[in-house]
Amino acid sequence: MDPKERFHRQFQSAAAGNVPLPTSLTQHPSDSHANQGLQEQITQLSTFAAVGGERQDAVAHILSSISRLSTDVADAADHLPAYDQRTYSGVIKALREQLNEATAKFAPKTRFQFKPRTAAAAACSSSSTTTTTTTATKPDARRLLNPAPNNSSSNSGDGPHPSTNPTAPPPAADDGAGAGTVPRPPAKDYNAEIARPGTGTGTGTGTGIRTPSFSAARDIALSGHRRVHIMLPASASRATTAGTLTDLRRCVVDMSVPTLAPGAGAGAEGAGAAPFASLMLQDVAGCVIVAGHVDGPVHVTGVRDSVVVVVARQVRVHECENVVLYLHCVSRPIVEDCTGVRFARAPGCYLGEKQRAETNLFDQVDDFKWLKATASPNWSLVPEDDAIPDSVWKKTLAGGAGLGVEDILRIMGVGRGS
């Protein structure tokens, strides 16, 4: 079957069909939602209980499925015409909008609300105000006969007290622009917070490590940073639906804490830890990235002169140069259009009991652009004696006294020329 036609059928079944999804579009083979299209899953959100986190888990699953669908469209760009790519992107955008509309219906109503004024109500209010004003201009006989005591000479009994004057103009009415629910505060810009000079969010240690909480976000997106040390705290586990790291230069990023508890080195995963559903690294240079755990696919595109640590189900590496991947992967890693990519076993300090019992296929790499029987010259394995030991990872990434970003990069083998 033509690749274009095959992808069209896969995309159609994933977006709206009721047939099993292809493996590349399914997060878990045993997922109970795998045989439903995304549109049908969105329409069935109302059937999930709001208590116990069932509906929240269903929304998170749909978000991760849409994210995977988007990355699959990007991967298939080589054999898809531009028109088809725009069509698929439009469908994905429509799915996101449909999900937003569905989740908005479940959101709790704001306690304080102001109903917008209709034209009839405004006309009625205007008529009532006119009548009141006309009546109020007539002198009150009771006030003339019984003038209020303690009135000053400037306010004799021929009229009401200024503070109770019924003819005073009423307060300006709302023109409707602010009518409706109380406006929500703007979404928090975590990237701007990270880039702000100083010690960063919530550190209080003076080490210069940025620790953005991401407690008010659905997913984690780090972009446009230069020479900063970022370490995600446990609170970021609420935002691990998807992860995106783009346009980073000379940075150190540690995302292991929210995806695996500190005790994981001893094999005990934390109750609050939540692995990423999917992760994308793009346009990264001269960095050390500890991506943590990812339940779904990891896409590494346009990364150079960097060191990456990740524990994932699937890893695809595109257009990368001079990158060392410390990897734990239960499927064969894929490289394409790469040069100088090296693979090593993931440090044991980032593994849990589940990963220790699995078969790690980090060294079973497939190069899709090398079809010869001989070994691909585009990737190789790091000798065990040259691999960075566990003790160095934990001690160095914590940013000890006197260790800056450039010091950490040097210890991890990232040169200054990147």
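The values are calculated or read from the model by the stated rules, or taken from the named source; none is laboratory data. A quick note: this is a predicted structure, and the numbers were derived from the prediction, not measured. Cβ placement follows ideal geometry from the backbone for every residue including glycine, while neighbour counts extend to all protein chains displayed. Calculation scope for accessible area: heavy atoms of the full protein, side chains included, ligands and nucleic acids excluded. Shrake-Rupley method; radii C 1.70, N 1.55, O 1.52, S 1.80 Å.
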**OP:** Grab the other residues whose beta carbon is less than 15 angstrom from that of P377, score K and R as +1, D and E as -1, and report the net.
**Re:** -2
Subject >> Sequence ranges 66-75, 85-94, 210-219, 235-244, ranked by mean other-Cβ count within 10 angstrom, highest first >> reply: 235-244, 66-75, 210-219, 85-94
Subject >> Apportionment of accessible area to carbon and sulfur, the range 312-387, percent (1.4 Å) >> reply: 48 percent
Original post:
Using the Cα gyration tensor of the range 207-350, with a ≥ b ≥ c the square roots of its eigenvalues, what is the shape: rounded (a/c below 1.5), prolate (a/b larger than b/c) or oblate (neither)?
Top reply: oblate
Original post:
Using unit Cβ charges (K, R positive; D, E negative) and no other charged atoms, how large, in debye to the nearest 20, is the dipole of the range 312-382 about its Cα centre?
Top reply: 200 debye
Original post:
Just how large is the dipole of the range 281-411 about the Cα centre, in debye to the nearest 20, putting +1 at every Lys and Arg Cβ and -1 at every Asp and Glu Cβ?
Top reply: 240 debye
Original post:
Restricting attention to the range 306-380, which trypsin sites (Lys or Arg not before Pro) occupy a DSSP loop and are surrounded by at most 16 other Cβ atoms within 10 Å?
Top reply: K369, K372
